[in-house]
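The block underneath contains the structure these notes are about, expressed in C-alpha cells.
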Amino acid sequence: MATSESPKDVSFSQGIRMMFYAMKPNETSFPNLDEVPDYVKQATPFFISLMLLELVLGWILKGKLAVRVDDALTSISAGILSRLPMLFFRSIEFSTYIYVWEKYRLFNLPWDSPWTWHLTFLGVDLGYYWFHRMAHEVNIMWAAHQTHHSSEAYNLSTALRQSALQVYTSWIFYCPLALIIPPPVYAVHLQFNLLYQFWIHTEVIENLGPLELILNTPSHHRVHHGRNRYCIDKNFAGTLIIWDRIFGTFEAENEKVSYGLTHPINTFEPLKVQFHHMHYIWTTFWITPGLWNKLSVIFKGPGWSPGKPRLGLLEEIPEVTGKEVPYATHVSGSLQLYALVQFALMLGFYEDTFADKDALSQATLLLRSGYIILTLTSIGFLMEQRPQAAILETFRCSVFLMLYWLNYLKPFIPSWTHTFEILFSICTIYWAIRSMRQLASGDPKEL
C-alpha cells in the first residue's frame, strides 16, 4: 500500500469519515494496490482524539474517567505487538489474496465501479462475520482472538487490544472474494471494516434508535464483549448487524454487561495477554486421551471437553452476580506517570521505525522490535509491581543506551539527542539502586 509520503494522504474531513465508513467510492478507488493509502496508519491521530473526547464526555456524563492507566496501556500494547510483524513482511491477508487473484480469478470486476465498491463492502463484512464467529467457536482461533476480549473494561482503548496471531486464520474467509474482486478494492474495505469497529467500543453512546436495526453499534458490541451468559457467542458483526439477525446470533442489550473473559486472566503482561490461551491448549492437548479428543481440543469450541457438545455447556459458564471487581493494581501516581512517559517515548520510536522501515536494515528492525517488546513487557511488570520489575527496568534502560550509542536507535526529535541520553542514564542508575535495595531488604515487592 502507499507510503505516508503518498499524495493519497487523507484530508481531515476524509479522516473523520473513514472512521465511520463514510468515504465515497470515487475517493477510495485505486487501480493498483501500491496506490491504496495506509488508512489504519493515518488513523492514529483520530484514535487519540476520539479517546480524549471519550475521556471528557465520560467525565461530564458519568462523573468518572472511562479509562484506567494499567488497562489502557495493556490494550495499546497489544495493538503495537499485532503490527510489529508488518515491519518484516506484507500481511498474509494481502499475500494470500493476491495469490488467489493472480492464479484463480474467474473474471475482473472494474476497480472504479461503484457497484464493485458496494459489493466488496458487503463481501468483506460477510467474510468478517464468519471469521469472527469461527474465532469464537474454534479453539485454536479463539487462542488468538481472546486477546481482544481479555480486558475487563470497555472503552476506545479496548478496540486497540488486537491479537498478533489473528491474521494467520482470518485470511481464509476473504479468499473467495479474490475470485472476482480486484485487490485494491479489497484492501480499501479491509481497512475500513477494521476502522469502523473502533468507535463502537464505548459506553458513552447508549442507543442509536433506528440505526440499531441495521448497523453494528456500541450497544450491540457491548453485548458481544460481555461475559454474562446471555452475551456468550452473540453479535459477531463488523459493520452491519443484519448478518447476526439473518444467522441467528443476534442479542439485544438488556441487563448490565460485565466485560472480559469468562475466566479472567488477571494480568497486564502483554505477552501473557497474547499467548496464555495457546499455552492452555498445548497443555490440554497432551493430557487429553485419544487422538479424536486431542483434535477436538484444537478444533472444537473453547468450552468443549470429552462428553460435551461442540461449543460446551452454557450452564458451566460462571454466572455474573454484578459484584465482580475488575483486576487492578494499586500503583502510585508517580509510577503511573513514569510508565506513561516511557510508553510515550516508546511510541515515538515505534512510529519513527514504521516511517523509516524501507531505509532501515533487517538488523536494525529486529533490534528496534526487540526493544519495543522489552519496553512493553517492563511496563507490564511495573504495573503489576512484579518482584523482577526493577531489575527488568534497569536492563531495559541499559539496552536503550547501548542501542542509542550504537546508532540503532535515534531520537525522533533530533534536538533532544542529549536529553534522551541524560534521561535514560538517570533512569538506569535509579532502577539499579532500587534493584539493589530490593535485594538487600529481601522484600521482593519493594518498588
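The values are calculated or read from the model by the stated rules, or taken from the named source; none is laboratory data. Predicted, not measured: the structure shown is a model, and the values here were computed from it. Ideal geometry is used to build each Cβ from the backbone, glycine not excepted, and the neighbour counts take in all protein chains shown. When the accessible area is computed, the model is the full protein with side chains, heavy atoms only, and any ligands, DNA or RNA have been set aside. Shrake-Rupley method; radii C 1.70, N 1.55, O 1.52, S 1.80 Å.
Determine if the stretch 254-261 includes at least one residue that is open to solvent by 10 Å² or more (accessible area, probe 1.4 Å) and within 19 Å of the chain's Cα centre (by Cα). Yes, the stretch 254-261 has at least one match. Of everything listed in (1) over 26 Å from PHE89 (Cα atoms); (2) open to solvent by 10 Å² or more (accessible area, probe 1.4 Å), the single unmet condition for HIS148 is (1).
If the condition is being open to solvent by less than 60 Å² (accessible area, probe 1.4 Å) and not in a helix (DSSP H, G or I), then the stretch 262-287 contributes THR262, PRO264, ILE265, THR267, PHE268, GLU269. Cβ-Cβ contacts under 9 Å between residues 6 or more apart (or on different chains), taken from a first residue in the stretch 1-20 that is modelled with pLDDT under 55 and surrounded by fewer than 19 Cβ atoms within 10 Å (Cβ to Cβ) to a second residue that is of a type in the set (Lys, Arg) and in a helix (DSSP H, G or I), are listed as SER4/LYS41.
Any chance you could count how many residues in the stretch 353-369 are among the aliphatic types (A, V, I, L, M) and more than 22 Å from the chain's Cα centre (by Cα)? So that I can check it myself, show each step before the final result.
Start the filter on the stretch 353-369 by keeping residues that are among the aliphatic types (A, V, I, L, M), which leaves 355, 359-360, 363, 365-367.
After this cut, where a residue has to be more than 22 Å from the chain's Cα centre (by Cα) as well, the list is 359-360, 363, 367.
Adding up the residues that qualify gives 4.
Of all residue pairs spaced 6 or more apart or on separate chains, those with beta-carbon atoms under 8 Å, a first member in the stretch 33-48 that is farther than 11 Å from ASP9 by Cα and a second member that is of a type in the set (Val, Ile, Thr) and surrounded by fewer than 19 Cβ atoms within 10 Å (Cβ to Cβ) are LEU33/ILE98; PHE46/ILE16.
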